[in-house]
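Below you'll find the structure, written out as structure tokens, and then a few comments.
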Amino acid sequence: MKKALFIMTGLCILAIVVMPAQAFSMKSLSIHVAQNGDAQVSVRTRPL
């Protein structure tokens, strides 16, 4: 019983760690900063 609980806990932790990494996979990130300090950020994501 403890072994099954340990395996299930490990799988849940693995899912929590892996899922955000897949959700935020970026193809490119561009940051443009103007002379006055204004910034523009462009993010392009990979298709899932």
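Here are a few things to note about the model shown:
- For the pair A15 and K3, the difference between a 0.36 nm per residue extended length and the Cα-Cα distance amounts to 2.5 nm.
- Remark: the stretch 29-40, residue by residue, has Karplus-estimated 3J(HN,Hα) of 9, 10, 10, 10, 10, 7, 4, 7, x, 5, 10, 10 Hz, where x stands for each Gly or Pro and the curve is 6.51 cos²θ - 1.76 cosθ + 1.60 at θ = phi - 60°.
Every number in this text was worked out from the coordinates using simple rules, so none of it is lab data. The structure presented is a predicted model; accordingly, all values stated were derived computationally and were not measured.
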